[in-house]
1. Can you name the number of the only condition in (1) touching a helix residue (DSSP H, G or I) at 6+ places or on another chain (Cβ under 6 Å); (2) over 25 Å from G49 (Cα atoms); (3) touching a residue at least 60 places away in the same chain (Cβ under 8 Å); (4) of a type outside the set (A, V, I, L, M) that G148 fails?
2. Has the stretch 26-42 got any residue that is of a type outside the set (S, T, N, Q) and assigned to a loop (DSSP other than H, G, I, E, B)?
3. Report the residue count in the stretch 183-200 for those that are touching a Ser or Thr at 6+ places or on another chain (Cβ under 9 Å) and not in a helix (DSSP H, G or I).
4. Just one of A97, A69, A111 is at pLDDT 95 or above and farther than 20 Å from L143 by Cβ; which is it?
5. Looking at the stretch 115-124, which of its residues are acidic (D, E) and surrounded by 18 or more Cβ atoms within 10 Å (Cβ to Cβ)?
6. Determine which single condition P45 fails, assuming it passes every other condition in (1) in a helix (DSSP H, G or I); (2) modelled with pLDDT of 95 or more; (3) surrounded by fewer than 22 Cβ atoms within 10 Å (Cβ to Cβ).
7. May I ask you to list the residues in the stretch 48-89 that are part of a helix (DSSP H, G or I) and hydrophobic (A, V, I, L, M, F, W, C)?
8. Looking at (1) of a type in the set (A, V, I, L, M); (2) modelled with pLDDT of 95 or more; (3) surrounded by fewer than 22 Cβ atoms within 10 Å (Cβ to Cβ); (4) not in a helix (DSSP H, G or I), can you tell me which one A3 breaks?
Amino acid sequence: MSAHSASALPALFISHGAPLFATEPGTTGPALTRWGQALKEAAGPGLRGIVIMSPHWIARTPAVMTNPAPATWHDFGGFPQALYALQYPAPGHPELAREVLGLLQGAGIAAQGDDKRPLDHGAWVPLMHLFPDASVPVVQVALPVSYGPAETYAMGQALAGLCERGVLLVGSGSMTHNLGEFFGGAREPAPYVVAFSRWVESTLERGDFSAMLDYRRQAPDAQRAHPSEDHFLPIFFALGAAGWGGPQGARPDYLSREVMYSMLAMDSFALSAPASAH
């Protein structure tokens, strides 16, 4: 893991995979646990909370969870009963939620609070691995239905200052997400999954902002990797939060490149905040 400054936390993109990731962690789950433990040790009491975007909260307009005690929502069906018994009792953080609302509104993003919102599995499943003791407060933000890469990046960018105030900004999605191929039976990574994932990594390493925003046309097999954009857009939230693509040239620190079920790339990486924030 990259070193963390005393004044700025990194931003994080996590591929949360299928709900079974909660009980079948592969190599990605332990990698997240190690990273989260190192972050907690480095940040100490300075780690105030997590602000996370998941594609499983898509709203008509920007929204922020203000719920002080969000429930663990098992928003999926047909899985083993053990999965439905899992709980992630992390507290909410209404004060932090108000900060998030203020920053979004100050950036011209007309967000509203939601005091009933639970944690969906796009938030609690990866957080179970990242911070297993559920001690870090969580504020979830919605992905607005009309947003594309540029708008989602701007949303993360509006919150970038929170990295200096003890807040971990997380985009939770999936590097590839074609569920139509989920039951194909193959276990080796599908070639298109590898091609798409490594194109993204190369583009992030180069800091090629325009290519990344135009991934739908420029990345190999983008339409097959993501028949719809929802599970890829949270990557732009993390990129905006870290100021990626700017003059400081933040680069991804990969925590995982695992592929599950041949078609779910679990790529997860951290991005240090720009040098000006240190």
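The values are calculated or read from the model by the stated rules, or taken from the named source; none is laboratory data. As the structure is a computational prediction, the values presented were derived from the model and not from experiment. Note that each Cβ is placed from the backbone with ideal geometry, even for glycine, and that neighbours are counted across all protein chains shown.
1. The single condition G148 does not satisfy is (1).
2. Our first condition is that a residue be of a type outside the set (S, T, N, Q); within the stretch 26-42, this holds for 26, 29-32, 34-36, 38-42.
Keeping just the survivors that are assigned to a loop (DSSP other than H, G, I, E, B) gives 26.
Yes - at least one qualifying residue is present in the stretch 26-42.
3. Count: 7.
4. Values: A97 fails: farther than 20 Å from L143 by Cβ; A111 fails: farther than 20 Å from L143 by Cβ.
Of A97, A69, A111, the one residue that is at pLDDT 95 or above and farther than 20 Å from L143 by Cβ is A69.
5. Going residue by residue through the stretch 115-124, those that are acidic (D, E) are 115, 120.
Across the stretch 115-124, the qualifying residue is only D120.
6. Unmet condition: (2).
7. Step one: filter the stretch 48-89 for residues part of a helix (DSSP H, G or I), giving 81-85.
A82, L83, A85, listed by residue number.
8. Only one criterion in (1) of a type in the set (A, V, I, L, M); (2) modelled with pLDDT of 95 or more; (3) surrounded by fewer than 22 Cβ atoms within 10 Å (Cβ to Cβ); (4) not in a helix (DSSP H, G or I) is unmet by A3, namely (2).
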